[in-house]
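Visitor: Could you have a look at this structure, given as structure tokens, before my questions?
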Amino acid sequence: MLSALEKFAPLPLQESWDNAGLQLGLTEAEVSGALLCLDVNEKIVDEAIAKGCNLIVSHHPLLFRGLKQISGADYVQRCVIKAIKHDVVIVSMHTNMDNALDGVNWKIAERLGLEGCKFFAQKSIDGLEAGSGVVGDLPSEMDARAFVELVKKQFRVECAMCNELLERPIRKVAICGGAGDFLLPEAMGEGADAFITGEMHYHQYFGHEQQIQICVIGHYQSEQFTAEIFRDIIQRECPGVKTVVADTSMNPIYYF
């Protein structure tokens, strides 16, 4: 199963600072079930154990920086202890899945019904087509307020952080899930009418009035459907394996 995931989103596609791939455990074990999620914490490990899944596939790596001790001092260490105790393997598909064809940004585009999608900020890694963002067209033009409402509905967000509403119609949309504000200049270079991402620094909202509609929906919200990509890969390539999209909500940010 790990080979199927890495065939879809090869590890060389990950950024140099990332730690995608096998996080914990022995891959020789027969898979009793795969729990699919965005992040890993103790509740996710508990859910995997309760549902008879000895594999967790997450988007964000559990182990991002090296551990100097495993004493249960924080949630990462406690997850490691609990997973080892219950023979649970943890695998993460992070920026390799962000950069992959039909990966995270393509899933966002699918949710919005974008057409004619292609990479922008495109790159070739080991001969593989990849890119940090995706750009495509809405089926028809929309005014800015209707566009923002569409994004909110499709990603189940309470609010979106935007610059002033664009006064011209929106058709071409650029996307970078997660912390994608670094791609704002490239999105503008693509001639996009709107740019959707999960996080953006305060000062980047300035200076683009009536140039591009910025729409920031939250890191979790932008990537919440990534587990569906994992499910589709596993069901297609390993049809006998039980797949479970996690019920546990992992968004650590609450809106009051």
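The values are calculated or read from the model by the stated rules, or taken from the named source; none is laboratory data. These numbers come from a predicted model, not from an experiment. Glycine gets a Cβ as well: all are built from the backbone with ideal geometry, and neighbour counts include every protein chain shown. In case anyone asks, the SASA skips ligands and DNA or RNA and just uses the protein heavy atoms, side chains included. Shrake-Rupley method; radii C 1.70, N 1.55, O 1.52, S 1.80 Å.
Visitor: Please specify each residue of region 124-157 satisfying the condition of being open to solvent by 60 Å² or more (accessible area, probe 1.4 Å), modelled with pLDDT under 95 and over 19 Å from the mean Cα position of the chain (by Cα).
Guide: Matches in region 124-157: 124, 126, 127, 128.
Visitor: Continuing with the same structure: Please indicate, with yes or no, whether at least one residue in region 236-249 is in a helix (DSSP H, G or I), surrounded by 20 or more Cβ atoms within 10 Å (Cβ to Cβ), at pLDDT 95 or above and not hydroxyl-bearing (Ser, Thr, Tyr).
Guide: No: region 236-249 contains no residue that is in a helix (DSSP H, G or I), surrounded by 20 or more Cβ atoms within 10 Å (Cβ to Cβ), at pLDDT 95 or above and not hydroxyl-bearing (Ser, Thr, Tyr).
Visitor: Is it fair to say residue 78 is assigned to a helix (DSSP H, G or I), more than 25 Å from residue 175 (Cβ to Cβ) and either out of contact with any Phe, Trp or Tyr (no Cβ under 6 Å at 6 or more places or on another chain) or without any contact (Cβ under 8 Å) to a residue 24 or more places away in the chain (or both)?
Guide: In short, yes.
Visitor: I've got another one for you. May I ask you to list the residues in region 184-211 that are buried (at least 21 other Cβ atoms within 10 Å of the Cβ) and over 21 Å from residue 39 (Cβ atoms)?
Guide: If the condition is that a residue be buried (at least 21 other Cβ atoms within 10 Å of the Cβ) and over 21 Å from residue 39 (Cβ atoms), then 184, 187, 192, 193, 194, 195 are the ones that fit.
Visitor: Please verify whether residue 71 is among the polar types (S, T, N, Q) and either within 30 Å of residue 192 (Cα to Cα) or open to solvent by less than 30 Å² (accessible area, probe 1.4 Å) (or both), treating the condition exactly as stated.
Guide: Considered against the rule, which asks whether it is among the polar types (S, T, N, Q) and either within 30 Å of residue 192 (Cα to Cα) or open to solvent by less than 30 Å² (accessible area, probe 1.4 Å) (or both), residue 71 comes out as no.
Visitor: Which residue, of 63, 36, 5, is at pLDDT 95 or above and part of a strand (DSSP E or B)?
Guide: The match here is 36.
Visitor: In this structure, does residue 198 turn out to be on the phi > 0 side of the Ramachandran plot and at pLDDT 95 or above?
Guide: Judged against the criteria, residue 198 is not a match.
Visitor: A further question follows. Limited to region 214-235, what total is found for residues that are of a type in the set (Asp, Glu), in contact (Cβ under 8 Å) with a residue 40 or more places away in the chain and surrounded by fewer than 19 Cβ atoms within 10 Å (Cβ to Cβ)?
Guide: Final tally of qualifying residues: 1.
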